[in-house]
Each structure stands twice: as C-alpha cells, then as structure tokens.
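Participant: Quick one: the structure is below, questions incoming.
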Amino acid sequence: MNEADTEIISGLLENFGYSSTNDPAIADIVLINSCSVREKAKQRAINKLKQYNSLKKKNKQVKIGLVGCVAQQHANEVQTQIPDIDILLGPDSYRKLTDILISDDKKAINNILSKTEMYDNLQSIPQNTYYGYIPIMRGCNNFCTYCIVPYTRGRERSLSFHNIVKHAKQLVASNRKELILLGQNVNSYSFQDKRFPDVLKAISEIEKIKRIRFTSPHPKDLDERTIQIIAQNTNICNHIHLPLQSGSSKILKAMNRTYTQSDYLHLVDLIKKHIPTIAITTDIITGFPGETDTDFQETLKIMEYVKYDNAFTFKYSPRPGTKAAEMPDTVSENTKSDRLNEMITLQKKHTLYRNNELKNTTQEVFIESNSKKNINHKIGRTETNKLVIIKKGTPKIGEFINVKIIDAAGVSLFGEIE
Ligand code: 5AD
Ligand code: SF4
C-alpha cells in the first residue's frame, strides 16, 4: 500500500512540474514513506529522515519530509527530533502537499484522518512497467489488538466500482500485464451492492489482463464465492496470502482475529478443495502477550498441516495505543528469538517442499528482469508468485513463456525454456 501511495504522491508532484530523481543531492524535495507496523520499521524511517535532513547543510532550499504511518502517529516525536522538518503528512493528507508547493515559506503538516479519502481523481505514476496497483479500499475496522493500522489509516472505505474498472482499463491500455488489487483488508470491499468477488469477476473480464493478484485478505471475510471466482478465472492467480498470525485459538481470541484454529483450517481445506494447486502464503507473529510454549506448538502444528509456500514471520512488537500494548509482555526477548528461528527453519523446509513439487512441471512464467548474478540468465515469476531463474533460453523481458522447472533451491526455482 505504501508503494501505491508513493505512486499517488509522485503523481501529485508531477502535476506541479516536478520529476523524480534517484540522486537526493540534486532533489528539491526528499520524502520518506514510512511504516509503523513494527518498531524497527519506524526507527529505520526516522534514521533515514535524519540522514536526508543533513542535505540542508549544502542546500538550504531542499524540503525534507516524512509521509505515511509514522508521520501519522508520531508527528510530535519526529518534530522534537527534527525541528526543521518541512513536510509531515499522514496517509490521508497527501493532498496537503500542494500547500508547500504553492508557498515556499510554508510547512505541510497534517495528520487528520478522513472517512472518505480514496485519492480517486488523481493520476498516480506507476513505478513499475509491468505491474499496476489499484487500491480498492483503504483503512481497517478490525482492530486486531496488536495492530496499529486502524489508528494510522483510519476507517474502512472503498473505491467506487466504476472507478476500479476505469483504473484497471487505463493500466491495461498502458501495457500493464498484471494488476494488484490492494487494501488493508481487501476482501471487506463494499461499495453500494458490490462486494469483493464482484470486483474480482469484473476485473477478470477486462480483455488483455494476464494476471490479477490481491492482498491482503482477512480469513473471516474470505467466502466460498471468492474462492470459486478464483478457481473459474484463469487470469486470477492461483495464490492466496492468508494471514494466520497464530495457530492457537486462545491467542487468536486475545488478538481479536475473530476466527479459531479450526475455522482457519476449514478455510484452507475449502480453498484446496476448489483449487488443489493453489499456493498459500501467510503472516505469523510469535511472542504475543500470554503465548505459552503450548500455544506456540499449535502454530507449528498449523504450519506443518498447511505447508505454506512462504511465510512472513515476525516477533511481536508492542505498538503504543493498541490494546495489546497494555497487556503484560510475558514472553522474553530470548524466547521470542528462539521461537522465530524455529518458525524460520520450519518454513524453509516447507518452501523447499512446495518448490520441489513443481520440479519437472511446465509453468507459465512472466519474465521480469535480468539476473544480477549472471547476465545470461533471466528472472521471471510464476502465477503462484515464485521466482524462476531461467538458465537456458533467451526470453524477452515482459513476455509470458512456458518454462520447464528443472530444480528448486530455497525460495528460487530454476528453469529452462522448452
Ligand atoms: N508486531 C509484530 N508483527 C505485526 N504485524 C502487525 N502488527 C504487528 C506487531 N505489532 C504483522 C502481522 C501483519 C503484518 C503486515 O505485520 O503479521 O499481517
Ligand atoms: Fe491490522 Fe490487518 Fe488486523 Fe486490520 S486486519 S487490524 S490491518 S492486522
């Protein structure tokens, strides 16, 4: 979502005659887009900001700013640390950027959340030649007790159905092969009588769209109709990112996830029944307050059952203002690290297991780039979102091609053109 927001901000700036540069030393404006979902990400954003703020020593005119969730939640802290910061805008305030573009003396500082802002009449500037993002909904109403997002991105709201289809057609006309529908809770999309499966279906019917992805769905809102639509439409990718967070029903309850271990497993079974070859990936947190070893074993049990294609695993990071931050942090840092390592080791095994399943199969691969390690190799992606290093054959970047998978190692597959 931050990448999509950066594209919106680029659009706003281009509208005012700016263009982008990779060299901060010659920039008129430097913006850091930030995430506050974990403490580490927040610290990294603030450190980068300090680093770029020192550009002012050589260039008094340069404007330095922070946008995104850290700007939303920690505006005072950032201003105390960097008093001469020029821009500090939360996720619903990007239009305020124009204040500083109109008048040179002004600062652009705002973190008022909106109930309606979808940035829908702005021209975003896609950063990638082949992919196009469509933020179909913004905000989150779920209030998982560990999560800062409902506080930094406000309440759920959805882009009009008409504008989604319009945006999708524009992206296809500009040669985007793959569209990615975005939302903090993408499958709670709701606009008049249209729901998430209606969006998927309508987009899949647009001509020339080769691949459609979406992220991230909440298990509680993933209904059978959505699964059927994925199964029936070949251009909707056979990949679901299905955040688990914990395998223990006790911890899921404390997290306010509103599903139990057994609800989650039924959902996985239902998905696999409709689409046996689907790739399932997930997010898991360990070390949530009250997580005992027995709870953690439940998480490992679910990982073992599902054998995810990939998993993003995290140590719980208390976020100020959330409900969980008030719960006693019962899990020591050492235990959190040990559990995280155990999950990483298990996941590596499962990733390899899933990748090995593809050995000797033929996969349609979208060629994305040259390999940095070997100029004769190209890198592509399967519809299940796995990277393939193509060792034999000379496909062109931007084309879809059938590739025979000859080997698997870690997260990568190796293939040759048949
Ligand atoms: N601590 C650790 N991980 C978190 N996530 C969200 N909030 C926290 C937190 N406080 C993780 C969840 C989510 C992903 C984007 O980040 O797993 O799905
Ligand atoms: Fe955060 Fe996702 Fe839960 Fe919303 S659904 S509160 S974004 S973890």
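None of the figures in this text is laboratory data; all of them are computed from the coordinates on show. Please read these numbers as outputs of a predicted model, since none were measured by experiment. Virtual Cβ from ideal backbone geometry, glycine too; neighbours counted across all protein chains shown.
Participant: Tell me, in nm to one decimal, what length is gained between Thr292 and Ala325 on full extension, where the rule is 0.36 nm per residue of separation less the Cα-Cα distance?
Facilitator: Numbers: separation 33, 0.36 × 33 = 11.88 nm, distance 1.76 nm.
Extending this stretch completely gives an extra 10.1 nm.
Participant: Starting from the Cα of Lys272, draw a straight line to each of the aspartates and glutamates and keep only those under 14 Å, dropping any in the same chain fewer than 8 residues away.
Facilitator: Within the straight-line limit of under 14 Å, Lys272 reaches these aspartates and glutamates: Asp223, Glu224, Asp309.
Participant: For a 31 Å ceiling on Cα separation, which of these pairs sit above it: Lys56/Lys115; Lys208/Lys273; Lys40/Lys63?
Facilitator: From Lys56/Lys115; Lys208/Lys273; Lys40/Lys63, over 31 Å: Lys56/Lys115.
Participant: Mind checking which helices in the chain clear 27 Å along their axis (Cα) and have mean Kyte-Doolittle hydropathy of 1.6 or more, DSSP H runs only? All intermediate terms of the calculation are to be shown ahead of the outcome.
Facilitator: Working: long enough: 333-357 (36 Å, -1.67).
The qualifying helices: there are none.
Participant: Modelling each spin label as a point 7 Å along the Cα-to-Cβ direction, I'd like the Gln81/Asn356 distance in nm, to one decimal.
Facilitator: 4.5 nm
Participant: Here's a follow-up. Starting with the highest mean, order 304-316, 131-143, 320-332 by the number of other Cβ atoms within 10 Å, averaged over the residues of each peptide. Write out the running numbers ahead of the final one.
Facilitator: On the way: 304-316: 18.9, 131-143: 21.4, 320-332: 14.2.
Going by the mean number of other Cβ atoms within 10 Å, highest first, we get 131-143, 304-316, 320-332.
Participant: To continue, here is another question. Could you give the length gained by full extension between Ile112 and Lys396, i.e. 0.36 nm per residue of separation minus their alpha carbon distance, to one decimal place?
Facilitator: On the way: separation 284, 0.36 × 284 = 102.24 nm, distance 4.64 nm.
The Ile112-Lys396 span can extend by a further 97.6 nm.
Participant: Sequence gap at least 6, Cα distance under 8 Å: using those rules, report the relative contact order of segment 2-110 to the nearest whole percent. Present the calculation step by step, with values, prior to reporting the outcome.
Facilitator: Numbers: 138 pairs, mean separation 24.5, N = 109.
It rounds to 22 percent for segment 2-110.
Participant: Within segment 235-258, find all residues whose amide N lies under 14 Å from a label point positioned 7 Å from the Cα of Lys272 along Cα-to-beta-carbon.
Facilitator: In segment 235-258, the label zone of Lys272 (backbone N under 14 Å from the point 7 Å along Cα→Cβ) covers no residue.
Participant: Output the antiparallel fraction of DSSP beta bridges having both residues in the chain, as a percent to the nearest 5.
Facilitator: Details: 24 of 62 bridges.
Just about 40 percent of them are antiparallel.
Participant: Under 8 Å for C-alpha pairs, at least 6 residues apart: give me the relative contact order for segment 79-165, rounded to a whole percent.
Facilitator: 25 percent
Participant: Please get the size of the charge dipole for segment 126-204, origin at its Cα centre, with Cβ charges of +1 on Lys and Arg and -1 on Asp and Glu, quoted in debye to the nearest 20.
Facilitator: Values: 11 positive and 4 negative charges, 28 e Å.
Rounded to the nearest 20 debye, it is 140 debye.
Participant: In segment 210-253, which residues have a backbone nitrogen under 16 Å from the label point lying 7 Å from Ser262's Cα in the Cα-to-Cβ direction?
Facilitator: 248-253
Participant: Given 0.36 nm per residue, what is the gain on full extension from Glu3 to Lys253 after removing their alpha carbon distance, in nm?
Facilitator: Details: separation 250, 0.36 × 250 = 90.00 nm, distance 3.14 nm.
Taking Glu3 through Lys253 to full extension adds about 86.9 nm, to one decimal.
Participant: Which cysteines does the chain leave without a neighbouring Cys Cβ under 4.7 Å?
Facilitator: Flagged as lacking a Cys partner: Cys35, Cys69, Cys140, Cys237.
Participant: In addition: Mean residue ellipticity at 222 nm from the helices of the chain, using -39,500 (n - 2.57) per DSSP H segment of n ≥ 4 over the full residue count, to the nearest 500 deg cm²/dmol? Please report the intermediate quantities before stating the final value.
Facilitator: Numbers: 13 runs with 142 residues, N = 418.
The helix contribution divided over the chain gives -10500 deg cm²/dmol.
Participant: Moving on. What is the antiparallel percent of DSSP beta bridges lying wholly in segment 268-418, to the nearest 5? Show your work: numbers first, answer last.
Facilitator: Details: 20 of 31 bridges.
Taking every DSSP beta bridge with both residues in segment 268-418, the antiparallel ones total about 65 percent.
Participant: Taking the mean number of other Cβ atoms within 10 Å as a proxy for protection, how do you rank 273-280, 183-190, 232-239, 56-63 from highest to lowest? Walk me through the intermediate numbers first.
Facilitator: Numbers: 273-280: 16.0, 183-190: 22.0, 232-239: 17.9, 56-63: 12.1.
Highest to lowest by the protection proxy: 183-190, 232-239, 273-280, 56-63.
Participant: Among 405-412, 144-151, how do they line up by average Cβ neighbours within 10 Å per residue, starting with the highest?
Facilitator: Working: 405-412: 15.1, 144-151: 21.5.
Packing proxy ranking, top to bottom: 144-151, 405-412.
Participant: How far is the Cα center of segment 91-117 from the Cα center of segment 282-348, in Å?
Facilitator: Between the Cα centre of segment 91-117 and that of segment 282-348, the gap is 37 Å.
Participant: Might you report the magnitude of the Cβ-based charge dipole of the chain about its Cα centre, with Lys and Arg at +1 and Asp and Glu at -1, to the nearest 20 debye?
Facilitator: Details: 58 positive and 47 negative charges, 124 e Å.
For this selection, approximately 600 debye.
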